[in-house]
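What follows is a short report on a single structure.
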Amino acid sequence: MKSFIVALAMIVLVMTGSAFASAQNDKADKKGILVVSFGTSMPDAKKAIDNLFYSAKKAFPDTEVRLAYTSNIIRRKIMKEQNLNIPTPASALAQMNDEGFTHVYVMPMHIIPGEEFDDIRSLTEGFASVKGKYGFKELKLGSPYLSSIADCDIMADILVKRFAKNIADKGTTIVLMGHGTPEHIANAMYSQLQLSLDRKVPGRFIVGTVEGAPTIDDVIVRLKHDKGVKKIVLSPLMIVAGDHANNDLADKNDPESWYSILKAAGYRDIKTFLVGLGEDETMARIYTSKIKDMMK
Ligand code: CO
């Protein structure tokens, strides 16, 4: 009798165990998109992030789209000032796992696959290696805007269109400020973009970076080489026209801003165009098409 009860108990255990296991496997598919930005605490600059976020929402109306910021400084500032909790990519993925998402597509808003992107990739690869209850059935990561030579050509086309009026105005050079990622091979994408721009409109754009290379000194070398430069337009080569654009690029009162440095170098006619690339509709279209490719 005793052995019969033990056997019965074992059968019940095995049955519920297998029922539980198959319930995990048969879990209904639930797809989600996680868009990831560095973040910004400037409400006006956030328009660029919103544009990409809402264009993803619009392109995938049946899929939940969530937002995460990589910058803890910005996340804490927003928490303090706006009482708004924007998650890190790590906590957003954990939350989506908790809520039963089975397929998640992570899409960074970054220009180059630099240091920030490496961190997001390390995180998604870590999550993707988890099997069973705490794993996703599918977890993919999209590529930043400048991830290939073809990407640089596409970006150059966007920039030529964006600054068409300035290009038509002879004697105008457009100086773009990228972020830059020092000691990272992806920093070379700025030079690749320069090559694409020079092929399309020779000598009309100069690409520099605030934290990597080319530096503002490199920008000045190119400007001086071209004796025909009469006007300069300064603009960020960043998704968001935030802190770097407003301070390091355009601040007239800061002697170390690019605006002031170029004034000191003898350029009198300098204008600024402080709109994040994320506000560009073509940029938004590329963003959603990169997500679409991932979900195939
Ligand atoms: Co920075």
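The values are calculated or read from the model by the stated rules, or taken from the named source; none is laboratory data. This one's a predicted model, so the numbers in the text were calculated from it and none came from an experiment. Glycine also receives a Cβ, built like all others from the backbone with ideal geometry; neighbour counts cover every protein chain displayed. Heavy atoms of the whole protein, side chains included, go into the accessibility calculation; ligands, DNA and RNA do not. Shrake-Rupley method; radii C 1.70, N 1.55, O 1.52, S 1.80 Å.
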Members of region 148-163 that are open to solvent by 50 Å² or more (accessible area, probe 1.4 Å) and among the small types (Gly, Ala, Ser): Ala150
task: For residues that are part of a helix (DSSP H, G or I) and either open to solvent by 60 Å² or more (accessible area, probe 1.4 Å) or under 16 Å from Leu234 (Cβ atoms) (or both), tally how many sit in region 164-178.
output: 4
message: Of the conditions (1) in contact with a helix residue (DSSP H, G or I) (Cβ under 6 Å, 6 or more places away or on another chain); (2) farther than 24 Å from Met109 by Cβ; (3) more than 16 Å from the ligand (Cβ to nearest atom), Ile167 satisfies every one except a single condition; which number is it?
response: (1)
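Filter region 53-87 down to residues that are part of a loop (DSSP other than H, G, I, E, B) and within 14 Å of the chain's Cα centre (by Cα) and give me whichever is surrounded by the most Cβ atoms within 10 Å (Cβ to Cβ).
Thr70
Just give me the residues in region 244-257 being touching a helix residue (DSSP H, G or I) at 6+ places or on another chain (Cβ under 9 Å) and open to solvent by 10 Å² or more (accessible area, probe 1.4 Å), in sequence order.
The first filter runs over region 244-257 and keeps only residues touching a helix residue (DSSP H, G or I) at 6+ places or on another chain (Cβ under 9 Å), leaving 248-257.
Asp248, Ala250, Asp251, Lys252, Asn253, Asp254, Pro255, Glu256 - these are the residues of region 244-257 that are touching a helix residue (DSSP H, G or I) at 6+ places or on another chain (Cβ under 9 Å) and open to solvent by 10 Å² or more (accessible area, probe 1.4 Å).
Just wondering, is there one or more residues in region 121-137 that are under 21 Å from Ala48 (Cα atoms) and away from the ligand (no atom under 16 Å from the Cβ)?
Step one: of region 121-137, the residues under 21 Å from Ala48 (Cα atoms) are none.
Checked region 121-137: no residue is under 21 Å from Ala48 (Cα atoms) and away from the ligand (no atom under 16 Å from the Cβ).
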task: Being within 15 Å of the ligand (Cβ to nearest atom) and in a loop (DSSP other than H, G, I, E, B) is the filter; apply it to region 25-52 and report the residue that is most open to solvent (accessible area, probe 1.4 Å).
output: Phe38
message: For region 224-236, give me the residue count where each residue is crowded, with 16+ Cβ neighbours inside 10 Å and not aliphatic (A, V, I, L, M).
response: 3
message: Checking the structure you have, find out if any residue of region 208-223 is more than 24 Å from Asp280 (Cα to Cα), polar (S, T, N, Q) and open to solvent by 30 Å² or more (accessible area, probe 1.4 Å).
response: yes
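Residues are listed down the side, and each one gets a yes or a no for (1) over 26 Å from Gly276 (Cα atoms); (2) not aliphatic (A, V, I, L, M):
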residue	(1), (2)
Ile120	no, no
Glu125	yes, yes
Ser129	yes, yes
Lys133	yes, yes
Ser143	no, yes
Leu146	no, no
Ala168	no, no
Thr172	no, yes
Met177	no, no
